[in-house]
Amino acid sequence: DDNSPVRSLVNWLEYNGYTLVTKPAKEFLDTDGRRKIKGNMDIELAVDLMEMTEHLDHIILFSGDGDFRRLVEAAQYKGTYVTVVSTIKSRPPMIADELRRQSDYFIDLQDIQAEIQRVPG
C-alpha cells in the first residue's frame, strides 16, 4: 500500500539491495465487531527459507516465535548457521526459550539497540 507508514522504509531497503517478501494484510471483524488486521508471514518465511537453505551459510532470524524452532533445526541440519535476534530482557520475554536454545547464537535486541535504533532528526 503506497499510503503505508512503512512505505519509506520499504523503498529504502529495496533501493539498497534488500529483497523483501510482502503480502497484503487482511482486514476482518472480530467476534465483538472490532476491526482487526492480520498479516502473518510464517508459512511464507518457512517455505522460502527451506528453498534457499542449501545456498546460505548463515541465517539471521528476527523473531521470538517458538514455532520457528523446528525450522531453525532443519536449517542447521542442512549445515546453515542460525542467529536469532529477539529479547529476553522484556517482561514478558519476547522469545520462546526453545527457539533461543535451538539457535547457534542469540542476540538480544536491547544489547544492540544503540546501533540499530532510529535516530530522530
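Values quoted throughout were computed directly from the atomic coordinates according to the rules given, and no laboratory measurement underlies them. Note that the structure is a prediction, hence the values are computed from the model and not measured. Here Cβ is always computed from backbone atoms with ideal geometry, including for glycine, and neighbour counts include all displayed protein chains.
Data for the structure
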| item | result |
| --- | --- |
| Selection within segment 74-88 - surrounded by fewer than 13 Cβ atoms within 10 Å (Cβ to Cβ) and either at negative phi or of a type in the set (Phe, Trp, Tyr) (or both) | TYR77, LYS78 |
| Among residues of segment 2-26, those that are farther than 20 Å from LEU45 by Cα and exposed (fewer than 10 other Cβ atoms within 10 Å of the Cβ), counted | 6 |
| Residue check, THR53 in contact with a Gly (Cβ under 9 Å, 6 or more places away or on another chain), surrounded by 10 or more Cβ atoms within 10 Å (Cβ to Cβ) and within 24 Å of ILE107 (Cα to Cα) | yes |
| Test: residue in segment 107-121 that is touching a residue at least 24 places away in the same chain (Cβ under 8 Å), under 25 Å from THR19 (Cβ atoms) and either touching a Gly at 6+ places or on another chain (Cβ under 9 Å) or of a type in the set (Phe, Trp, Tyr) (or both) | no |
